[in-house]
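Have a look at the structure below, then the notes.
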Amino acid sequence: MKESAFIMQLVNGTHDPRPKTTNSRQVAEPEILIRGYKHHKPILSRVTDNHNPLIHITLNLSIMVTFTLKISATSMIASKTNILSIYKLIHKPSYFTTNRFTKPYSSYGLATTKSYKNAQSASIADEERSMTEFENHALRNGLRAEAMPKHVAMFMDGHWKSIKARDLPPELGYGAGRRSLKEIARICCELGIRVLSVYTNFPRPKEEVDFAIDMTKSDIEELSRNDIRVSIIGNRNAIPDSLLEIITRAEESTKNNKTLHIIEAVNYTGRSDIIQACKALAGKVKDGELHPTAIDENVFQQELETNCSEFPNPDLMIRTGGKQSVGNFMLWQLAYSELSFVDKSAFEFNSTDFIKALQVYQSRHRRFGGNKI
Amino acid sequence: MISDHTRKMEEEKRSGVVSRFLGELNITVRRFLFRVMSSGPIPQHIAFIMDGNRRFAKKWKLEEGAGHKAGFLALMSLLKYCYEMGVKYVTVYAFSLDNFNRRPDEVQYVMDLMHEKIEGFMKELDMVNRYGIRVLFIGDLNRLYAPVRVAAEKAMEATAKNTKTYLLVCVAYTSSHEIPRAVYEACQERSGRKDGKEEEEEEEEELIKVVDLEKKMYMGVVPDPDILVRSSGETRLSNFLLWQTSNSLLYSPKALWPEMGLRHVVWAILKYQKNYHYFEKKKKQA
C-alpha cells in the first residue's frame, strides 16, 4: 500500500519529501513527524482510513518503537540526517533540540560524562513558548541561543583590592556587589540560562553570611516576581538560628519558580562538599542501605549539595579578580566546565563583561574526552 | 647533578664538532637560566595535560597517529627541563577513562605507543636508576589492555627504589573515578578495622577523616600540584586531579602539546613565582 510504503520509507530513511500523490497530506508529513512524539496522530488517522486495524496497530507500534527506542544505528543515523535536514528547512534550530539530534547516544557508554552532560529540558511546551524570546535576546547580544550554557558559576573575587583602594566602607562595597549580581541575574533570565551559582569568598565567613542574608531579605518579593528560585549551599553551622530561619523561609517560598535558579554558596568549599558527601555515603554503608561496591560517580553526585538543582554541573565558570586558579570552589562539579578568568574585580564586573565571557564560551570546542562532535 | 648527566648523554649522541659545540652552548645557557630562576621559589610538583596532539597532526598534515608520537618527544624534553630545574614531582595526563570513547583504532594506536615506550624505557633502566626517577602509573589499571598493564607494572616495580624524582603517568584515570574509589577503600578499611575492635570507640570510628581519604587516593603518595599546565589554550580541567588542584595555579599556553618547549616551562614557573605568596596563604588557610 502506498501509505505503508511511505511510512516504512520514512522509518528506514529513504523518504523523498516531494509529494507523490495527494499534495496536501504528503507535504504536511515531515513537519508533523519532527515536532514531537505526541504529534504523530495525523499519520495514524490517515492510516486508519484504510479500515484495516492490523496495519494500524503494526504501523503504530513501529513508529513508537523507532522513535522511542531508536533500535538500530543505521536507521537512527539515517533518520537523524533526514529529519535534521528537513527540520532545518522548516524551523530555526533551538538550543534544546539540536543537542538531542547531533550527539550520538552510543559514544557515552563507558565513561563518566553521562552524569556531567546537563539533561535536556523536560517540557517541550516551555521551550516552544520561550524559544523566540531567548533567541531575540541572544542575537541582540551577539550570542547563539543554541549554545547557551545551562549553568553558569560566578566566583566573585577581588573585593579587598578594590575596597581598600577606594577606601569604601564595606556596606557600600556589598551594595555594589548586590547590584552587579542583580544585573547578571536579569541577563540570565533573558538569555535562558537556567542556573546561576554565586560564590563570594570573603575572608571571614560572617561577612559571607551577611552578604547572603542581605540579598535574600530585601529581595524576596522581587525574586518571586521574576520567578527566581534561591537555594543556599554550604556549611550551615556558622549561621545563627534566626538567620537560618530567614534562609529556609526564602528557600521554601521560592521553591517552585522555574525561570532561574540562583545558588548561593555561603561558607562553602569544594573539598568540604566532597567530604560531607563521603561522610553521608559512609553513613549509608554503615547502616546497610548501600553496598560499598555500589559507590560510583552517579551515587556520589547525588550526595553533593548541588543536587538540589536540575543542572548541578556548571558549563562555565567565571572568576573575577585575576587569580588563575579554581580556588576550592565546586571541585567535583567543575570537571568539564570551561573556565574563564577575568582581570577585573567583582564590583567592576558588569553585564558587558558577562556577555563577553559568554561569547568566549561559545567559541570553545567541548569534546568531553571523546571524539570531535 | 642531573644537568651533568644530560650533558654526558647529549655528548654521546652528537658526533660532529659544530653540533657538539652548539649542544654544549645550549646546555650552558639552560643551566645559567635555571640558576637565575632558582633565586625565587621553584614549584615542587607540576602537572601537565597533554592536549592537542590530534590538532597538531591535522595542522601539519601528518598521518593520524604521528601527532601522538610527536607529543611523546615533547614530553621527554619537557621532563628533562623540569628535572634540571629542580622540580621533584611531575604528573602527566596520558589517557583518560573518557578517551576510551574515541575511535577504536585510535585507542589501539595510543595503547601500542604506550607499550612501545614503556618497553623502550625498560631497556634504559640503568640510566633511569642513575638519575633516580621513580615511575608510577596512576588510574584504573584494570581497564588497560593486558600487555600495557603488564609492562606498566613491571616498570613500577623496577623503579620502586628510586626517590630523587617522581614521574606519575595517569592512564585510565578520571578524578570522578578516583574519589568514589577512595571513599570505597576507606569504608572497607573502616569496616575491616571495626570487626577487630568490636564496640569500643565506635563514635570516633564512624567519621572518615580527610587524612584517610587522601591516603586512599591514587595520588596520595605525592603532594598536591603547584602548577597545572594545559596545552592548546583550552582552560578546563577535564576531570583531572580535581581534588588536588584546588589551590594550584592554572596556566594554559596556546601552543599545542607537541609544540611545547622550554619557554612554556619557564613562563609557568615565573607565573608561579609572581603569585607565590597568594598560593602559600591559601594553602595555610585550608
Consider segment A:246-279. How many of its residues are more than 10 Å from every other protein chain (Cβ to nearest Cβ), part of a helix (DSSP H, G or I) and not hydroxyl-bearing (Ser, Thr, Tyr)? 8
Under 8 Å between Cβ atoms, at least 6 apart or on separate chains: pull out the pairs that start in segment A:302-314 with a residue that is within 8 Å of residue A:151 (Cβ to Cβ) and modelled with pLDDT of 80 or more and end on any residue that is surrounded by fewer than 19 Cβ atoms within 10 Å (Cβ to Cβ) and among the aliphatic types (A, V, I, L, M). A:311/A:119
Which ones in segment A:293-306 are surrounded by 17 or more Cβ atoms within 10 Å (Cβ to Cβ) and within 7 Å of chain B (Cβ to nearest Cβ)? A:295, A:297, A:300
Odd one out for residue B:102 among (1) of a type in the set (D, E, K, R); (2) more than 30 Å from residue B:43 (Cβ to Cβ); (3) more than 14 Å from every other protein chain (Cβ to nearest Cβ): (3)
Hey, does segment A:338-347 have a residue that's without any contact (Cβ under 8 Å) to a residue 24 or more places away in the chain, of a type in the set (Phe, Trp, Tyr) and not in a loop (DSSP other than H, G, I, E, B)? yes
Within segment A:315-326, restricting to residues that are surrounded by 21 or more Cβ atoms within 10 Å (Cβ to Cβ) and touching a residue at least 40 places away in the same chain (Cβ under 8 Å), the one that is farthest from the other protein chains (Cβ to nearest Cβ) is A:320
Tally up the residues in segment A:348-373 that are hydroxyl-bearing (Ser, Thr, Tyr) and touching a residue at least 60 places away in the same chain (Cβ under 8 Å), please. 2
Just one of B:140, B:112, B:98 is touching a residue at least 60 places away in the same chain (Cβ under 8 Å) and surrounded by 14 or more Cβ atoms within 10 Å (Cβ to Cβ); which is it? B:98
Specify which of the listed residues (B:256, B:241, B:228, B:249) is surrounded by 23 or more Cβ atoms within 10 Å (Cβ to Cβ), within 11 Å of another protein chain (Cβ to nearest Cβ) and farther than 15 Å from residue A:339 by Cα. B:241
Here are some conditions: (1) of a type in the set (A, V, I, L, M, F, W, C); (2) crowded, with 23+ Cβ neighbours inside 10 Å; (3) more than 13 Å from every other protein chain (Cβ to nearest Cβ). Residue A:330 meets all but one. Which one does it not meet? (3)
Mind checking which residues of segment B:259-286 are touching a Phe, Trp or Tyr at 6+ places or on another chain (Cβ under 7 Å), within 13 Å of chain A (Cβ to nearest Cβ) and crowded, with 18+ Cβ neighbours inside 10 Å? B:268
Filter segment B:79-96 for residues that are in contact with a Phe, Trp or Tyr (Cβ under 7 Å, 6 or more places away or on another chain) and assigned to a helix (DSSP H, G or I); which is farthest from the other protein chains (Cβ to nearest Cβ)? B:84
Condition check: touching a Ser or Thr at 6+ places or on another chain (Cβ under 7 Å) and closer than 25 Å to residue B:241 by Cα. Does residue A:299 satisfy that? no
Select from segment B:32-53 the residues that are surrounded by fewer than 21 Cβ atoms within 10 Å (Cβ to Cβ) and farther than 23 Å from residue A:325 by Cβ and list them in ascending order. B:32, B:33, B:34, B:35, B:36, B:38, B:39
Could you list, in sequence order, the residues of segment B:166-186 that are modelled with pLDDT under 90 and either at the interface with chain A (Cβ under 10 Å from one of its Cβ atoms) or farther than 19 Å from residue B:97 by Cα (or both)? B:174, B:175, B:176, B:177, B:179, B:180, B:181, B:182, B:183, B:184, B:185, B:186
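The values are calculated or read from the model by the stated rules, or taken from the named source; none is laboratory data. In this text the structure is predicted, and so the values were computed from the model without any measurement. FYI the Cβ positions are ideal-geometry reconstructions off the backbone, even for glycines, and counts take in every protein chain you see.
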